[in-house]
Amino acid sequence: MTETERPAPSRALIRSLDPEQLALIEQHLLSLSDHDRYLRFGYPAIDEQISRYVAKLDFGRDELFGIFDAELQLVAVAHLAYLDAPGQQHMAEFGVSVSPELRGCGYGQQLFERCVVHARNHGVSRLIVHALSENAAMLKIARNAGASVVREGSESQAYLELPPADFGSQVGELLAEGLARTDYHLKSGVRQVRGVIDLMHEIREGVRDARDQTKP
């Protein structure tokens with residue numbers, strides 16, 4: 001897909017992910033190219049390393065957010081990891097990946113904004129982004145949000161100071177999550193109905209074939 005063919009930026013419905021989506025998270029990450037894996041993890045992660053990363057995801061501590069397409073496949077995933085080292089109790093780290101065919105839709109930016117709101121509502125005062133210095137798209141997202149970026153050779157770190165939560169951030173997140181989950185369940189219902197229709201069609205075709213075979 002060329003730049004002129006890419007979808008126009010649009011607002012996505014972003015929902016928090018649960019352990020039941022682990023397989024979809026792994027599928028999304030494994031679908032990334034070698035270069036995309038390099039930019040996402042900071043090293044050329046092989047399949048086994050990605051599987052270990054997914055297996056160690058701690059939904060009780062961290063938060064993951066995703067964007068689903070019409071077929072309920074994850075096309076973008078953000079990981080908000082809370083830091084717990086001494087002096088870092090109110091800090092969190094952001095990481096994101098977007099399927100190549102949907103680059104340019106603004107999904108990375110929107111996931112970052114979603115994580116900023118969630119982090120604020122959970123007492124985080126500083127959001128950190130570790131990225132390779134060549135990852136211009138990720139650093140642009142951080143800079144656009146007002147983060148200060150420090151480059152150290154091949155790697156860069158962005159620091160974004162977050163304001164405390166307020167009524168708007170709390171209500172806004174509740175509404176966003178509710179809309180995204182409703183959309184997910186509607187898409188799931190459509191898929192189930194489609195599956196029933198396809199099954200009925202297969203049964204009808206099977207009955208017809210059996211009838212034709214029994215004709216003298």
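For the reader, a short list of remarks on this structure follows.
- Residues satisfying the stated conditions in region 118-156, i.e. open to solvent by 20 Å² or more (accessible area, probe 1.4 Å) and assigned to a strand (DSSP E or B): 126, 130, 148, 149, 150, 151, 152, 155
- Residue check for residue 114: open to solvent by less than 40 Å² (accessible area, probe 1.4 Å), in a helix (DSSP H, G or I), modelled with pLDDT of 95 or more and of a type in the set (Lys, Arg): yes
- Selection within region 42-58 - surrounded by 13 or more Cβ atoms within 10 Å (Cβ to Cβ) and at pLDDT below 95: 42
The values are calculated or read from the model by the stated rules, or taken from the named source; none is laboratory data. Model, not experiment: these values are computed from the prediction. A quick note on method: Cβ atoms are made from the backbone with ideal geometry, for glycine too, and the neighbour counts reach across all protein chains shown. All accessible areas refer to the heavy atoms of the entire protein, side chains included, with ligands and DNA or RNA removed. Shrake-Rupley method; radii C 1.70, N 1.55, O 1.52, S 1.80 Å.
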